[in-house]
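Trainee: Structure in structure tokens, see below.
The values are calculated or read from the model by the stated rules, or taken from the named source; none is laboratory data. For clarity, every value in this text was computed on a predicted model and none was experimentally measured. Cβ atoms come from the backbone with ideal geometry, glycine included; neighbour counts cover every protein chain shown. Each accessible area value is taken on the protein alone, full model and side chains, heavy atoms only, with ligands, DNA and RNA left out. Shrake-Rupley method; radii C 1.70, N 1.55, O 1.52, S 1.80 Å.
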Amino acid sequence: MTAPLLQAPLLQVRDLKVHFPVKTGGLLIGRYQPLHAVDGVSFDLAPGETLGIVGESGCGKSTLGRAVLQLLPATSGAVIWLGQEMTGLSAKEIKAARENMQIVFQDPLASLDPRMTAGDIIAEPLRNYHPELSRAETARRVAELMEQVGLLPGMINRYPHEFSGGQCQRIGIARAMILKPKLVICDEPVSALDVSVRAQVINLLKDLQKAFGLAMLFISHDLAVVRHISDRVLVLYLGKVMELAPRDLLYQAPRHPYTRALMSAVPIPDPALERAKPRIILTGDLPSPLNPPSGCVFRTRCPKATDICAQVEPVRESPAPGHDVWCHHSRD
Amino acid sequence: MTDVNLVTPAIPVPDVIEGRSLWQDAWRRLLRNRAALASLIILGVIAFLSIFGPYALAWSYDQIDWDHVEAVPPSLALKHYLGTDSVGRDLLARTLFGGRVSLTVGLLATGVALFIGVTVGAVSGYLGGKVDQVLMRFVDLMYSVPLTFFVIILMVLFGRNFILMFLAIGSVEWLTMARIVRGQTLTLKHREFMEAARASGGSTVSILLRHVVPNVLGVVIVYVTLTIPQVILLESFLSFLGLGVQEPMTSWGVLINEGAAELEITPRTLIVPAIFMTATLFCFNFLGDGLRDALDPKDR
Amino acid sequence: MPSTRKTADVAGSDTVLDIQGLTVRFETADGEVQAVSDLSLTVAKGECLGIVGESGSGKSQTFMATLGLLADNGRATGKVMFGDADLLTANEATLNSIRGNRAAMVFQDHMTSLTPHMKVGRQLTEVLQRHRGLDAKAALDAVIAMLRRVQIPEPERRAEMYPHELSGGLRQRVMIAMGLLCHPELLIADEPTTALDVTVQALILDLIRDVKDSDNTAVILITHDLGVVAGLADRVAVMYAGRVVELGDVNQIFSEPQHPYTQGLLACSPRLDDALGGKLKTIPGQPPNLQRLPPGCAFAPRCPYVIAACAERPPLRPAAGGGLKACVRDDLASITKAAS
């Protein structure tokens, strides 16, 4: 579907759909309607590659990450990990596969158990997967990793509430890295952090990626951050892929009107540029994922929408190798 | 105030080894709460007296002073420091022994409630779905059975038995505990660290033991301190109905019951156990309040 | 933009809010915490003052104190003049007549700022009925007009909805409409767009700009996002650990920042138009812990240019470019130039 990958893909996601039943209507006699959180997403991920997933709230980007990890059940479609179909695996097999895929969460404090020490939190995956390791060996690996993520060894017995947000996120990252996974899903790992700490954590993730040869799914709403860390970027809107392209192509020549609108809305910290830049204002609100628009889901807010957008769902077009866009008007 | 006094080095010294857990924080705050601290001390004293006091006294709780088979007023010479009851048994010895029984019932029954309640609540809340439905409907069902009726049936079926007593009370008190724990577990379940635990390969049992139970304990402890007095009162009530402990064994409830009958002749037979019991109940309630404040994360 | 632009915080005839020597302390279980220290700021009619800072900078507490909205354990000292009234000593009745009427505040958390069980229209008309004494009909007309002004589609229908039926962007617009209903002289917007998507953020910022320009309202924009400030503010105050560390004209702050913290913040924010490759620049260390501040400059532990004199607290003093800075060093410009 994308440019031919040099290596066999680590992860293949094929037409993945995650629908949640949502009760609508009356208090007692309600009707369950499917909420289309993720609606037919496909992509490949090569070993060591970073795929940025951007989109606004409610576009399904977090759901997508959790569905890949099998933390949420997929409604249909396939998640193929190292050539093995994950959907339909037993709990035991999923656990085995998860040893190689970990996750870093958005809220650094909330993702750490407040009653556990930093050392115990980081060691937890190791205890789950390698209970045979001796105490000393576990402690040695925890200390080694703490150093790698920039935590002082003396902090091992401290509790999450004694750390700042940035340090908590380092603990969360250390926990995700201790099994030396092949894939780490980063779900908005820096959006809850202070600006001055954000860059530290992004650099840390890049360093670790290089050191461990990780692949990453980097989920974020922040286009500037995604630009700095991703090799390729996938733009999601209402659970559907709008555009998928190598980083430079996407940022320099975005084809989808939604991608363009997103880019134009990102404020630039420079008064002269910020006040002079042209902006594409999107009108209207995000439609309800309970009742997505017909045809192209973006057409209700799209400045380029025409009749065909309401009638026909756009198919993939590839304006350049590896650059896929789902829009009737991408060639205008 | 000068700022110089306030400050310490900006970067925390790296070799600070021990962190302060939330428990230690809460304990510190609890000790700073005067009412709670006083309650803790008074409870300690009452417990100490109840446990060791009877050994130090010249008279035991079931020993009748055959020289004075009537209510003797307090007398140092006879070593009836608070006098005797209407059949000549030492009031202080009986009160302290009654305390032992009441506190034991309170603690053991609450322990039973705690164990069942936390297990059922955590499992029900964490697993959800059908398991949750079945367990919670069972709790609802149990709620609808009148408590006294339930205890009386147990007593009739199995006889009046000290152990049965706290089993019976505990098996009723766990219902509320289970609901509280389930509610807490439900909110915990959607916290990110629970998801993180699942993602890092934790099994259901290990997640329940490592993440759920420690995090609901705060609320549970508060509820425990409020349940103990409830159970003591319930035991008194059952004893009052004649379903509690049997003579010559006694408890605060039994003593108050007897004392109430002789209120007009010897008010001290009512007042002495009543003071012990109300002090205990008050202290547990204050302690519960203090604990709730100490454990409340919003205070941090 | 006012014609007489001033960078220093000297009160003038068109000053709307004049904060002098504001200090905010909180009594906590672990002792007293000073969230804001000796802070002075002014904002004039038709001017937008951007307040930039991270967590613990005291940027929100400054203005909570200003409007008498501190938590129970907080205490504010100093002087906050709004018109003729000192808001710190004013009684609750005076504050109530000012808040939501002459001075409005828009919060980040637009979900909790609206009462969930009341229709949106009703919540807004109440403000007008209370402060302006309008009857229900006139109030509703004014509310619908205001909802239209903040570009809420179908205002008549939205007024009949409950807050949870509106999207985040619409709720934030309702909050702004509520703040603007009485045509306040001062609008304090505390992270008004942080919880919103970028495409919606642009709309809200346009709206605030419009209010400032056409109603001559003084706007205080509190945010951590430098891009938002760049687009909207006339003057910018950068806060760190409860103090203003740099204050100046927006162009000067962004083109020639004088304080090392401001320089660091600008350098470490990833942008859509910066050069890729290599690492992002960082500010080392963690944001300040107000309970463990160093005796001198609070930024010293993270500052690359620290010298012995930094052990003394630097006063806010005039800097190159016409602004103010709280840094003892004047030779930073040459150092940074030499480095680049």
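Trainee: Would you check if there is a residue in region A:137-154 being part of a loop (DSSP other than H, G, I, E, B), within 13 Å of chain B (Cβ to nearest Cβ) and among the aliphatic types (A, V, I, L, M)? Walk me through how you get there before you give the answer.
Mentor: Taking region A:137-154 as the starting set, the residues that turn out to be part of a loop (DSSP other than H, G, I, E, B) are A:149-152.
Filter once more, keeping what is within 13 Å of chain B (Cβ to nearest Cβ): A:150-152.
Narrowing further to those that are among the aliphatic types (A, V, I, L, M): A:151-152.
So far as region A:137-154 goes, yes, one or more of its residues are part of a loop (DSSP other than H, G, I, E, B), within 13 Å of chain B (Cβ to nearest Cβ) and among the aliphatic types (A, V, I, L, M).
Trainee: Could you list, in sequence order, the residues of region C:52-92 that are touching an Asp or Glu at 6+ places or on another chain (Cβ under 9 Å) and part of a strand (DSSP E or B)?
Mentor: Across region C:52-92, the qualifying residues are C:VAL52, C:GLY74, C:ARG75, C:GLY78, C:LYS79, C:VAL80, C:MET81, C:PHE82.
Trainee: Also, I was wondering about something else. Of the conditions (1) at pLDDT 85 or above; (2) open to solvent by 10 Å² or more (accessible area, probe 1.4 Å); (3) in contact with a helix residue (DSSP H, G or I) (Cβ under 9 Å, 6 or more places away or on another chain); (4) farther than 18 Å from C:ARG313 by Cβ, C:VAL33 clears all except one; give me its number.
Mentor: Here C:VAL33 clears every test but (4).
Trainee: Condition first: open to solvent by 20 Å² or more (accessible area, probe 1.4 Å) and of a type in the set (D, E, K, R). Can you find one or more residues in region C:172-184 that meet it?
Mentor: Going residue by residue through region C:172-184, those that are open to solvent by 20 Å² or more (accessible area, probe 1.4 Å) are C:178, C:183.
When the remaining residues are screened for being of a type in the set (D, E, K, R), the result is none.
The answer is no, given that none of the residues of region C:172-184 is open to solvent by 20 Å² or more (accessible area, probe 1.4 Å) and of a type in the set (D, E, K, R).
Trainee: Also, I was wondering about something else. Go through region C:280-305 residue by residue and tally those that are closer than 20 Å to A:LEU152 by Cα and open to solvent by 40 Å² or more (accessible area, probe 1.4 Å).
Mentor: 6
Trainee: For the subset of region A:109-136 comprising residues that are open to solvent by 20 Å² or more (accessible area, probe 1.4 Å) and of a type in the set (Asp, Glu), which member is farthest from the other protein chains (Cβ to nearest Cβ)?
Mentor: A:GLU132
Trainee: Quickly run through region A:235-259 and pick out the residues that are within 17 Å of A:SER57 (Cα to Cα) and either aromatic (Phe, Trp, Tyr) or out of contact with any helix residue (DSSP H, G or I) (no Cβ under 9 Å at 6 or more places or on another chain) (or both).
Mentor: Result: A:TYR237, A:LEU238, A:LYS240, A:VAL241, A:TYR258.
Trainee: Are there any helices (runs of 4 or more DSSP H) wholly within region A:216-265 with 3 or more residues that are within 13 Å of chain C (Cβ to nearest Cβ) and of a type in the set (S, T, N, Q), and if so which? Break it down into steps so the answer makes sense when it comes.
Mentor: Values: elements: A:223-229, A:247-252, A:257-265.
Output list is empty.
Trainee: Let me ask you something else. Tell me which of these A:GLY52 doesn't satisfy, since it passes every other one: (1) assigned to a helix (DSSP H, G or I); (2) buried (at least 20 other Cβ atoms within 10 Å of the Cβ); (3) more than 9 Å from every other protein chain (Cβ to nearest Cβ).
Mentor: (1)
Residue by residue, here is whether (1) closer than 25 Å to A:GLN209 by Cβ; (2) touching a residue at least 40 places away in the same chain (Cβ under 8 Å); (3) part of a loop (DSSP other than H, G, I, E, B) holds:
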{"position": "A:GLN33", "(1), (2), (3)": "no, yes, no"}
{"position": "A:ASP44", "(1), (2), (3)": "yes, yes, no"}
{"position": "A:GLN70", "(1), (2), (3)": "yes, no, yes"}
{"position": "A:GLN106", "(1), (2), (3)": "yes, yes, yes"}
{"position": "A:ASP113", "(1), (2), (3)": "no, yes, yes"}
{"position": "A:ILE121", "(1), (2), (3)": "yes, yes, no"}
{"position": "A:ASN128", "(1), (2), (3)": "yes, no, no"}
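Trainee: Now, a different point. For region A:284-316, enumerate the residues that are over 30 Å from C:ARG173 (Cβ atoms) and in contact (Cβ under 8 Å) with a residue 60 or more places away in the chain.
Mentor: Within region A:284-316, the first condition is being over 30 Å from C:ARG173 (Cβ atoms), and the residues that meet it are A:307-308, A:311-316.
Once the filter is applied, which keeps residues that are over 30 Å from C:ARG173 (Cβ atoms) and in contact (Cβ under 8 Å) with a residue 60 or more places away in the chain, region A:284-316 yields only A:ARG316.
Trainee: Shifting gears a bit: Just checking: which of the helices (runs of 4 or more DSSP H) contained wholly in region B:175-278 hold 3 or more residues that are within 13 Å of chain A (Cβ to nearest Cβ)? First the steps, then the outcome.
Mentor: Numbers: elements: B:192-199, B:204-207, B:213-240, B:252-261.
Here the list reads B:192-199, B:204-207, B:213-240.
Trainee: I've got another one for you. Looking at A:GLU243, A:GLU188, A:GLU162 in this structure, which one is on the phi > 0 side of the Ramachandran plot and of a type in the set (D, E, K, R)? Step through it out loud before you land on a result.
Mentor: Values: A:GLU243 fails: on the phi > 0 side of the Ramachandran plot; A:GLU162 fails: on the phi > 0 side of the Ramachandran plot.
Result of the check over A:GLU243, A:GLU188, A:GLU162: A:GLU188.
Trainee: So for region C:193-203 (the condition being more than 29 Å from A:VAL195 (Cβ to Cβ) and surrounded by fewer than 23 Cβ atoms within 10 Å (Cβ to Cβ)), does at least one residue qualify? Please lay out each step first, then the result.
Mentor: So in region C:193-203, the residues more than 29 Å from A:VAL195 (Cβ to Cβ) come out as none.
No: zero hits.
Trainee: From the list C:VAL211, C:VAL250, C:VAL200, C:VAL228, pick out the single residue that is within 18 Å of C:MET105 (Cβ to Cβ) and within 13 Å of another protein chain (Cβ to nearest Cβ).
Mentor: Working: C:VAL211 fails: within 13 Å of another protein chain (Cβ to nearest Cβ); C:VAL250 fails: within 18 Å of C:MET105 (Cβ to Cβ); C:VAL200 fails: within 18 Å of C:MET105 (Cβ to Cβ).
Checking each option against the conditions leaves just C:VAL228.
Trainee: Follow-up. Exactly one of (1) open to solvent by 70 Å² or more (accessible area, probe 1.4 Å); (2) within 27 Å of A:PRO314 (Cα to Cα); (3) modelled with pLDDT of 85 or more is unmet by A:PRO4. Its number?
Mentor: (3)
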